[in-house]
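*Asks:* Sending over a structure as structure tokens; questions will come in a sec.
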Amino acid sequence: MKKTIYLLLISFIMVFSATAQWSTDPLTNTVVNNMPGSQATPLIAYDANGNFYIGFFSYEAGNYNVRLQYYNFDGVTQWAAGGILVSNHTQNS
């Protein structure tokens, strides 16, 4: 019985660690958006379940667009690469 519980625990740990997207190297950044152009002013918001959103400006076609990316608790991207486009209106300073 003890061996079964131990194997079950190891299996759960392996499954959850295999799905995480975070790097274990503190010198390696986690890519949020790898689209061409610059990205600026990231903001992060969490929900009650530990999932989180990262909003940022992305410079595309001569304009800073507002984009949003969603991650689950394990750090796995839930939306397409580059996130979703929230606004492509000209941003005034």
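The numbers here are math on the coordinates, done by the rules we state, and not lab data. What you see is a predicted model, and the numbers here were worked out from it, not measured in a lab. Neighbour counts are summed over all protein chains in view; Cβ atoms, including those assigned to glycine, are modelled from backbone coordinates with ideal geometry.
*Asks:* Lys and Arg at +1, Asp and Glu at -1: add these up for the other residues within a Cβ distance under 15 Å of Pro36 and post the number.
*Replies:* Combined, the nearby Lys, Arg, Asp and Glu give 0.
*Asks:* Arrange Ser87, Ser58 by Cβ neighbour counts within 10 Å, fewest through most, would you?
*Replies:* Lowest count first: Ser87, Ser58.
*Asks:* Taking the highest mean first, how do the peptides 70-81, 33-44 order by number of other beta carbon atoms within 10 angstrom per residue?
*Replies:* Top of the packing list down: 70-81, 33-44.
*Asks:* A further question on this structure: Could you give the nm distance between label points at Ile44 and His89, where each point is 7 Å from its Cα heading toward the beta carbon?
*Replies:* For the pair Ile44/His89, the computed spacing is 2.9 nm.
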